[in-house]
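The values are calculated or read from the model by the stated rules, or taken from the named source; none is laboratory data. These numbers come from a predicted model, not from an experiment. Please note: Cβ atoms are built from the backbone with ideal geometry, for glycine as well, and neighbour counts cover all protein chains shown. Surface accessibility is based on the protein's heavy atoms, side chains included, excluding ligands, DNA and RNA. Shrake-Rupley method; radii C 1.70, N 1.55, O 1.52, S 1.80 Å.
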Amino acid sequence: SGYGSVQGNRVEGGSGISVVGSVPGRLTISHNTTKFNAGSGISVEHSGVGMVTVDRNATALNSGSGMSIWGNFPDPVLITHNTIALNADSGLVLGNTKTPEKTIIGQNNLVHNVDYDLRLEPDKAGTQNYTLNASNNFWDVESDEIAAHIRDCTFDGNGCNNPAATLGKVAYDP
């Protein structure tokens with residue numbers, strides 16, 4: 001098995017950090033700072049096998065999303081201890097995850113992003129009947145306002161827990 005890491009970088013005013021391809025083992029993105037970038041601050045388009053950890057990064061004031069995570073991840077995806085704030089698009093965007101029930105989004109600051117603080121991207125109808133764990137994050141809004149900062153199946157015309165759903169459900173508890 002292999003190991004890939006992107007650690008300790010500061011990217012400002014460029015194109016952010018982008019990881020595209022596969023790492024047959026484990027991918028860790030940690031202790032990076034991205035701001036004022038064109039597009040996403042941190043972008044992962046991963047098709048390999050192995051665990052993905054995105055931990056202790058700060059991404060803010062980017063013209064796209066703060067973090068965009070796309071891929072066919074058969075193993076856990078851990079997105080923890082990050083600050084994702086004030087981005088011109090959504091804060092955290094997740095799409096095409098093979099096993100979203102293994103994705104953990106916790107202990108992050110998801111605050112003041114323009115569109116949504118957490119946005120799921122649609123996929124084929126019938127493949128999105130899952131619940132994503134996004135508990136224990138800081139949203140900087142009252143508890144009853146958090147749902148308005150998340151794009152999940154409540155925005156899907158097919159609804160949640162429906163065989164035709166194109167978006168999963170986000171479970172959160174601040």
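The table below gives the values:
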{"item": "Residue within region 87-102 that is surrounded by fewer than 21 Cβ atoms within 10 Å (Cβ to Cβ), of a type in the set (V, I, T) and under 19 Å from I150 (Cα atoms) present", "result": "no"}
{"item": "Filter result (surrounded by 14 or more Cβ atoms within 10 Å (Cβ to Cβ) and either in contact with a Gly (Cβ under 6 Å, 6 or more places away or on another chain) or in a loop (DSSP other than H, G, I, E, B) (or both)) within region 104-120", "result": "Q107, N108, L110, H112, N113, D115, Y116, D117, L120"}
{"item": "Selected residue (only one of S15, S30, S65, S40 is open to solvent by 50 Å² or more (accessible area, probe 1.4 Å) and of a type outside the set (A, V, I, L, M))", "result": "S15"}
{"item": "Cβ-Cβ under 9 Å pairs, at least 6 apart or on other chains, region 147-174 side at positive phi and part of a loop (DSSP other than H, G, I, E, B), far side of a type in the set (D, E, K, R) and open to solvent by 20 Å² or more (accessible area, probe 1.4 Å)", "result": "N161/K169"}
{"item": "Count of region 121-141 residues which are over 16 Å from V54 (Cβ atoms), among the hydrophobic types (A, V, I, L, M, F, W, C) and not in a loop (DSSP other than H, G, I, E, B)", "result": "1"}
{"item": "Residue within region 61-79 that is under 19 Å from S30 (Cα atoms), outside any strand (DSSP E or B) and aliphatic (A, V, I, L, M) present", "result": "yes"}
{"item": "Residue match in region 122-141 (condition: open to solvent by less than 30 Å² (accessible area, probe 1.4 Å) and touching a residue at least 40 places away in the same chain (Cβ under 8 Å))", "result": "yes"}
